[in-house]
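What follows is a short report on a single structure.
The values are calculated or read from the model by the stated rules, or taken from the named source; none is laboratory data. Because the structure is predicted, anything quoted here is derived from the model rather than measured. As a convention, Cβ positions derive from the backbone with ideal geometry for all residues, glycine included, and neighbour counts pool all protein chains shown. Note: areas computed on protein heavy atoms with side chains; ligands, DNA, RNA excluded. Shrake-Rupley method; radii C 1.70, N 1.55, O 1.52, S 1.80 Å.
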Amino acid sequence: MADGRSAGADLTLTGVTKRFGGFAAVDDLDLEVASGQFFALLGPSGCGKTTTLRMVAGLEEPTAGTITIGGDDIGRLKPYKRPVNTVFQNYALFPHLNIFENVAFGLRRRGVKDVKSQVDDMLELVELGGYAKRRPAQLSGGQQQRVALARALINRPQVLLLDEPLGALDLKLRRQMQIELKRIQTEVGITFIHVTHDQEEAMTMADTVAVMNKGVIEQMGAPADLYDNPATTFVSNFLGQSNLVKASILDTHGDALVVDVQGTRIAAPVARARRTDGQVWVGVRPEKVFLGAAGVEEGSYDDNVLPSGTVTDVSFIGVSTQYLVKMPWGQELTVFEQNTGAREQFRVGDKVDLHWVAAHTFLLDADQDAHAGDETYAALSGAPTA
Amino acid sequence: MSVAQFGGQVAAEAGGPGAGEVEQERRRGRVGYLLLLPGLLWLVIFFLVPTVQLVATGLYDPNGSLDTGYAMTWSFSNYWDVLVQYQEQFLRSFGYALIATIACIFLGYPLSYAIAFKAGRWKNLMLVLVIAPFFTSFLVRTLAWKSILSDNGLIVETLKTLQLIPEDGRLLATPVAVVTGLTYNFLPFMVLPLYASLEKIDPRLIEASKDLYASGVTSFRKVTLPLSAPGLVAGTLLTFIPAAGDYINSELLGTPQQRMIGNVIDNLFLVQLDYPAAAASSVLLMVAIVCLVVFYVRRAGTEDLL
């Protein structure tokens, strides 16, 4: 149990598995979260992220594996004996208690002294000083969210678990609470495990993001690393958007690979290649690509170029313009051009070449499904996301 | 909700009365009253008028009879007289009803809890079983208890074998039999409201409580029980009120020594034809119950129910 002032502690999951009947919701999961980190578990619904969180909280018992916090095995402890607290999805505030008693609940159960001053301090931290006497139902969604946070944080857990804490808020409030949560985490220094399906939320707030799919972690790392160097088609599609084109590797030149993309040769850094021979998906983020009129030299000579596309759709989104470009082999690729005003605008039907800096290319295993994790594609085709 | 409150609420929901909104608000108010009208009429004709008549009958000349007719003599002493004369039956009624209600809580709470949280796919079947007794009449069910509790019935024989009651002991025609009958007959009225309020409890609240260092027992005391309080209060009212006025159980399972106030009123009205005393007893029973209920609901802190 937290001794009052302790900051966070390391959380380790080793070989953790949870089966419901024959279905493995979490499958042999290994995870290490360093003390004081803001860690995000990101994935589509049903990927096992909430089950993982519930096993750490003690609300679900793992079928196999061990969970330790600060070196102590807590995997079989009752939830009320664990040094963790949870901010529940939809908050789960006690409707029969006022805000003060909601926040004081954990302290009272542990028989802590000076409840009043601690609760008052905590309500100040979440900027709800004047609301102690209200009932949860009298508060707005954002305020309830902060009460839920205060109710968990006041116990100074070694690890704080957040289960889609911002899911019920509208977009503007969500942005505001993202900043707020980050501020509070920095201030209290407790290890935060944040479960979310919102990739933007995970990337803005977390130091480390683990992308989960079908009960396993697909990739884990700093947000920028995951984004720039995805390991799987799932990560490349779930975290932002990607253009993936079928290609085959021809040769290696030092730290670059020569790749044949539908008859055009391009270069890709070995460091960003998930395989170095045979069939691959060539990946590039839409905002890394810029358009040039067909046949016209653009950028530097060592850029990658895919020639002879036709603009099929132009959407103006204010800060950028989104182009769909149909390539000679029939695939439509996406390009985001920032509206700097300095670059040429294209119209539907224009012939264009796609250019990008070779270092921005990544190569993925062609055995993987190019649409894995692509929620728009899944929604349009009715296929499952994963 | 009173009529005045209703009108007020309609006005409040209509928002600030702007120029065009006033007319709309007035129309909404009219619709509100119009919708209330059938129910109000019903209550006036079948509740208010008979109640006034009952209170008045209690004030008639106690020396009158069906043959000579009754004169309105404002005999307030009728009320005092029946209270003194039937004091024992009044107290016994509330005593039996209280014990039966408490028994219903102890039997009904675990049952409702099990149906709400543990029954899984058997939930609906169990609810049907709870209300199944209503498919036969109250009278028949109570008669059945008469044979269940009879002197040479299985229960009495078993209790004798186990030496829990003496060799000449019996259950039928004892207070135990009457309270048992009351408990049995009114148990569903405890179970259903309790189930309804337990079923509404979000299981995540229990999880949150456990996450916040409350053990299973503490979670029940601090979360489940307070959240089921409205159902518990409704259940006790639905059990206590009819049990206090009941006369069938005492009639069939008891003796004159277990007579309740319901038997007294029944007897005064239908056998002795003493209408003023019968009416006065009925009014006193009603007043006593209303007072007890108001006191109880105040104490339980669930005024929202009233």
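Do we find a residue being of a type in the set (A, V, I, L, M, F, W, C), touching a Pro at 6+ places or on another chain (Cβ under 7 Å) and open to solvent by 30 Å² or more (accessible area, probe 1.4 Å) anywhere in segment A:134-144?
Yes; the residues of segment A:134-144 include at least one that is of a type in the set (A, V, I, L, M, F, W, C), touching a Pro at 6+ places or on another chain (Cβ under 7 Å) and open to solvent by 30 Å² or more (accessible area, probe 1.4 Å).
Are any residues in segment A:62-91 in contact with a strand residue (DSSP E or B) (Cβ under 8 Å, 6 or more places away or on another chain) and free of Cβ contacts under 8 Å to residues at least 60 places away in the same chain, and if so, which ones?
Answer for segment A:62-91, where residues must be in contact with a strand residue (DSSP E or B) (Cβ under 8 Å, 6 or more places away or on another chain) and free of Cβ contacts under 8 Å to residues at least 60 places away in the same chain: A:Pro62, A:Thr63, A:Ala64, A:Gly65, A:Thr66, A:Ile67, A:Thr68, A:Asp73, A:Ile74, A:Gly75, A:Arg82.
Can we say B:Gly231 is touching a Cys at 6+ places or on another chain (Cβ under 8 Å), more than 14 Å from B:Gly181 (Cα to Cα) and assigned to a helix (DSSP H, G or I)?
no
Are there strands (runs of 3 or more DSSP E) fully within segment A:3-106 with at least 1 residues that are small (Gly, Ala, Ser) and either within 23 Å of A:Met212 (Cβ to Cβ) or within 27 Å of the chain's Cα centre (by Cα) (or both)? List them. Don't jump to the end; show me each part of the working.
Details: elements: A:11-20, A:23-33, A:38-42, A:64-69, A:84-87.
Answer list for segment A:3-106: A:11-20, A:23-33, A:38-42, A:64-69.
Would you pick out the residues in segment A:314-327 that are of a type in the set (Val, Ile, Thr) and not in a strand (DSSP E or B)?
A:Ile317, A:Val319
Out of (1) outside any helix (DSSP H, G or I); (2) within 14 Å of chain A (Cβ to nearest Cβ); (3) touching a Leu at 6+ places or on another chain (Cβ under 9 Å), the odd one out for B:Ala214 is which?
With respect to (1) outside any helix (DSSP H, G or I); (2) within 14 Å of chain A (Cβ to nearest Cβ); (3) touching a Leu at 6+ places or on another chain (Cβ under 9 Å), B:Ala214 is out only on (3).
Out of the residues in segment B:154-195 that are in contact with a helix residue (DSSP H, G or I) (Cβ under 6 Å, 6 or more places away or on another chain) and among the small types (Gly, Ala, Ser), state the one that is surrounded by the most Cβ atoms within 10 Å (Cβ to Cβ).
B:Gly181
Looking at A:Ala64, A:Ala40 in this structure, which one is at pLDDT 90 or above, open to solvent by less than 30 Å² (accessible area, probe 1.4 Å) and at negative phi?
After ruling out the rest, the residue left standing is A:Ala40.
Right, B:Ser197: of a type in the set (Ser, Thr, Tyr), within 30 Å of B:Thr136 (Cα to Cα), more than 14 Å from the chain's Cα centre (by Cα) and within 14 Å of chain A (Cβ to nearest Cβ) or not?
Judged against the criteria, B:Ser197 is a match.
Condition check ((1) open to solvent by less than 10 Å² (accessible area, probe 1.4 Å); (2) closer than 19 Å to A:Ala104 by Cα; (3) out of contact with any Asp or Glu (no Cβ under 8 Å at 6 or more places or on another chain)) across all residues:
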position: B:Val223; (1), (2), (3): yes, yes, yes
position: B:Leu227; (1), (2), (3): no, yes, yes
position: B:Asn249; (1), (2), (3): yes, no, yes
position: B:Gln257; (1), (2), (3): no, no, yes
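Take A:Arg82 and tell me if it is within 10 Å of chain B (Cβ to nearest Cβ) and within 24 Å of B:Pro226 (Cβ to Cβ).
Spelling it out, it is not the case that A:Arg82 is within 10 Å of chain B (Cβ to nearest Cβ) and within 24 Å of B:Pro226 (Cβ to Cβ).
Scan segment A:92-111 and report the pairs whose first residue is at negative phi and more than 9 Å from every other protein chain (Cβ to nearest Cβ) and whose second residue is part of a loop (DSSP other than H, G, I, E, B) and surrounded by fewer than 17 Cβ atoms within 10 Å (Cβ to Cβ), with Cβ atoms within less than 6 Å and a gap of 6+ or a chain change.
Partner pairs satisfying both residue conditions: A:Asn98/A:Lys133; A:Asn98/A:Arg135; A:Ile99/A:Arg134.
How many of the residues making up segment A:271-296 are open to solvent by 30 Å² or more (accessible area, probe 1.4 Å) and either of a type in the set (S, T, N, Q) or under 22 Å from A:Asp260 (Cβ atoms) (or both)?
Residues that pass the stated criteria total 12.
For segment A:241-270, how many residues meet the condition of being touching a Lys or Arg at 6+ places or on another chain (Cβ under 9 Å) and open to solvent by 20 Å² or more (accessible area, probe 1.4 Å)?
Residues flagged as touching a Lys or Arg at 6+ places or on another chain (Cβ under 9 Å) and open to solvent by 20 Å² or more (accessible area, probe 1.4 Å) within segment A:241-270 amount to 6.
Could you check segment B:113-146 and list, in sequence order, the residues that are over 18 Å from the mean Cα position of the chain (by Cα) and open to solvent by less than 40 Å² (accessible area, probe 1.4 Å)?
B:Ala114, B:Ile115, B:Ala116, B:Ala119, B:Leu127, B:Ala132, B:Arg141
Count, please, the residues in segment B:196-207 that happen to be in a helix (DSSP H, G or I) and touching a helix residue (DSSP H, G or I) at 6+ places or on another chain (Cβ under 8 Å).
8
Just a yes or no: is a residue in segment A:137-145 more than 9 Å from chain B (Cβ to nearest Cβ) and free of Cβ contacts under 8 Å to residues at least 12 places away in the same chain?
Yes; the residues of segment A:137-145 include at least one that is more than 9 Å from chain B (Cβ to nearest Cβ) and free of Cβ contacts under 8 Å to residues at least 12 places away in the same chain.
Among residues belonging to segment A:330-339 that are closer than 20 Å to A:Asn237 by Cβ and out of contact with any Asp or Glu (no Cβ under 6 Å at 6 or more places or on another chain), point out the one that is surrounded by the most Cβ atoms within 10 Å (Cβ to Cβ).
Looking at the filtered set, the residue picked out is A:Val335.
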